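All remarks here apply to the structure that follows.
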Number of protein chains: 2
Amino acid sequence: MQNTFSREDLCDLARSLLTKGGLAPEKAEVVAELLIRTDEMGVTTHGISMVPYYLPELASGNMTSEGTHEVVRDTGATMVWDGNYLPGHWLMTQALDTCMDRARTYGMAGLAMRRSHHIGCLSTLTRIAAEQGLVCYIATSDPSGKWVAPYGGTEPTLTPNPWAVGYPGGEHPVLIDTCASITTVSKVREHINSGTRFEHPWMLDARGRPTTDPTVVNADPPGTLLPVGGIDHGHKGYAMALHVEMQTQALSGHGRADAPSRWGGNVFIQVMDPEAFGGADAFVEQVAAVNALCRENRPAEGLDRVRVPGDGAHARLASSRAEGVRLPDEVWRRVSACAREMDVALP
Amino acid sequence: MQNTFSREDLCDLARSLLTKGGLAPEKAEVVAELLIRTDEMGVTTHGISMVPYYLPELASGNMTSEGTHEVVRDTGATMVWDGNYLPGHWLMTQALDTCMDRARTYGMAGLAMRRSHHIGCLSTLTRIAAEQGLVCYIATSDPSGKWVAPYGGTEPTLTPNPWAVGYPGGEHPVLIDTCASITTVSKVREHINSGTRFEHPWMLDARGRPTTDPTVVNADPPGTLLPVGGIDHGHKGYAMALHVEMQTQALSGHGRADAPSRWGGNVFIQVMDPEAFGGADAFVEQVAAVNALCRENRPAEGLDRVRVPGDGAHARLASSRAEGVRLPDEVWRRVSACAREMDVALP
């Protein structure tokens, strides 16, 4: 089995599944398109493989299937939205369109959103703005999520707090996509499910001792995910985590102070227009210079070359567009089982 | 010798030294005030101890002693300034005042500055805005500086790229102040001068092997400082570094593409007004909730408690205001030697 598909077939499949699951058609269209773009970039953990997770959320009403967000505040360059737990891809498309418009007007714009549903792969989103010549920063947290301890502590308190930046880089955008903890909740779950350990001590047990054992998160009292920098210099990851909590929760006026009991995404989006700073050409010239210094860097022993974030995604996107979108066996097994269950035709 | 002084005496001393060194009096006043505030927060590496470094820079003309910056671009919410190598503390005071005004008007404002001289301790600067209820982000790089290799590479290419965020936090501001490399150039120099090694392998030799030896930076070919995350997950520090290079150089339209041969500071400053998002009260309520969860966190074995960035500075500031400003022997030795040489009276 090749598991290689045309983007149209996968879009159709995702859209049909989501529509049949109750999502309003115009929203299913947007979610499907962004999921498949994510698969095209090779991030198959966040592509069509998410549909089997979204369907029960739609069925239970945890993911709102129609309607729109509430504009809580709008000053022109700054905004607060309440996402009403609508599909994150759809909300983010609206938010990005708005922020890109505002950035073209004001030079920069920021939007803090409370109560979104899952927004998927951050690079898929930042890339939209970067392809249009803009700088786009996105950070997200879940104020009900508790996985990472503050540096020096032991109790799960913060989420991994991903953040991403996309910006024009000459041939293709730079796509930085990272987070404030060393590893992620899904990696922890993967290791628990497969009965394996981390290669490095990226977890902390409840007494604050580093460990490779992912199951510490299920112990009583539970262990935690280490912040970036680990035991050695984890105050740096802790700094990143607090920054993201502030941007996503304090600016949106909704967060841990409300002690929400259900999963939800808080998001901060910022778009800047290089034309409103030193100019688009100068911007790309400087980015290209730094990128060249990195790519031409003599690799460390055992490595073939140095990459700039976004290089891999660009290559995989080009190959997906030329040869079709490749899905891992495990993903296709789950997605096709889900389609059979929903009585939706497979490509 | 107690080395404890009144803030007025230290301000007078710094101002007299800088004025005698040729700096315009109104600028010397501002620089002196910010240096002493830095000492008051306990960051004595970046306080009055900088004066002996600034004086030769003034004498050589590397630090511009009078005049003002050039406004390259001003759209209201976004700006580019050319700092003309004026003292960074003075430039940053102007830049912060302007950004705070603009943030009150537009909700958020960003300023990219090229060619500043040394801007000192970032927390001293972000604290100014945070004390006024604003969120302030500052990042800085030196486009002539090459110390950190991109992750996977071996050649010195990037600066440590510090970034800081200050924001209101209830009792006192949160002051995050960190950088994209594990250690800093000054720590490397300190270890070289004292003939000591790092406790952990925070350096990389020219072949890309981790080492505790700081002298690799002087080898031929030279080694590098490891990005945050180290060999284990240094792609996260590399991401931070590229982010800061983009903000400070690409947005300001001046950077590595120009291959500047002299030391200089590029800066990106962003100020946001919580009132233009979810409101100032909601902002502080959310920050206070996260801070409480961190401070009340059960500490790891061997630690007494968990801190929030800014807690230490706040305590040291209070003690400096109550008992006077304490300087380490080494700092006072250098500063008093410098004063004697310049024939400036000591307190």
| query | From the label point of B:Arg305, set 7 Å from Cα along Cα→Cβ, how far away are the matching label points in the other copies, in nm, ordered shortest to longest? | reply | 5.3
| In peptide B:263-273, how many Cβ atoms from other protein chains are near each Cβ within 10 Å, on average? | 1
| query | Expressed in nm to one decimal, what extension gain is obtained for the pair A:His200 and A:Thr4 from 0.36 nm per residue of sequence separation less their Cα-Cα distance? | reply | 67.2 nm
| message | Distances longer than 13 Å among the Cα atoms of the stretch B:278-323: what percent of all pairs is that? | response | 66 percent
| field | Positive-end residue, the protein assembly as shown charge dipole about Cα centroid, Cβ charges, pick of B:Gly237, B:Leu13, A:Val290 | value | B:Gly237
| Summed residue charge, Cβ within 10 Å of B:Arg104's Cβ, Lys/Arg positive, Asp/Glu negative | -2
| said: What whole-number distance in Å separates the alpha-carbon centres of the stretch A:16-33 and the stretch B:100-141? | reply: 43 Å
| field | Computed [θ] at 222 nm, deg cm²/dmol, the protein assembly as shown (DSSP H ≥ 4; -39,500 (n - 2.57); rounded to nearest 500) | value | -12000 deg cm²/dmol
| request: Extending each Cα 7 Å along its Cβ direction at B:Thr45 and A:Ile192, get the distance between those two points in nm, one decimal. | output: 4.0 nm
| task | Report the charge-dipole magnitude of the stretch A:72-223 in Debye, nearest 20, computed about the Cα centre from +1 at each Lys and Arg Cβ and -1 at each Asp and Glu Cβ. | result | 200 debye
| query | Using the beta-carbon distance between B:Ser261 and B:Thr105 and R0 = 45 Å, what value does 1/(1 + (r/R0)^6) give for FRET efficiency, to the nearest 0.05? | reply | 0.70
| field | For the protein assembly as shown, with +1 on Lys and Arg beta carbons and -1 on Asp and Glu, the positive-most of B:Met63, B:Gly324, B:Val80 along the dipole | value | B:Gly324
| note | Distances in nm between the label point of B:Ala24 (7 Å along Cα→Cβ) and its equivalents in the other copies, shortest first, are 5.8
| query | According to a simple spin-label model (label point 7 Å from Cα along Cα-to-Cβ), what is the distance in nm between A:Ala280 and B:Glu301? | reply | 5.9 nm
| message | What is the sum of charges, Lys and Arg at +1 and Asp and Glu at -1, for the other residues whose Cβ falls under 14 Å from the Cβ of B:Cys121? | response | -1
| said: To the nearest 20 Debye, how big is the dipole of chain A about its Cα centre, given +1 on the beta carbon of each Lys and Arg and -1 on that of each Asp and Glu? | reply: 600 debye
| note | Here the whole-number average of other chain Cβ atoms within 10 Å per Cβ of A:298-307 is 6
| said: Quick check for me: using +1 on Lys/Arg Cβ and -1 on Asp/Glu Cβ, what's the dipole size of the stretch B:24-90 about its Cα centre, in debye to the nearest 20? | reply: 120 debye
| task | Pop the C-beta distance of A:Val71 and B:Tyr53 into the FRET formula with R0 = 56 Å and round what comes out to the nearest 0.05. | result | 0.65
| task | Quick one: of B:Lys20/B:Lys146; A:Lys187/B:Lys146; A:Lys187/B:Lys187; A:Lys146/B:Lys236; B:Lys27/B:Lys146, which pairs are farther than 24 Å apart, Cα to Cα? | result | B:Lys20/B:Lys146; A:Lys187/B:Lys146; A:Lys187/B:Lys187; B:Lys27/B:Lys146
| field | Net charge of Cβ neighbours under 12 Å - reference B:Pro143; Lys, Arg +1; Asp, Glu -1 | value | +2
| field | Between the stretch A:234-288 and the stretch A:169-202, the alpha-carbon center distance in angstrom | value | 19 Å
| query | Averaged over peptide B:106-117, how many Cβ atoms belonging to another chain are found within 10 Å of each residue's Cβ? | reply | 4
| For label points placed 7 Å from Cα toward Cβ, what is the shortest-first list of nm distances from A:Asp343 to its copies? | 10.0
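FYI, it's all coordinate maths here, none of it is from the lab. Here the structure is a predicted model, which is why all the values come from computation and not from measurement. All Cβ positions, even for glycine, are placed from backbone atoms using ideal geometry, and neighbour counts span all protein chains on display.
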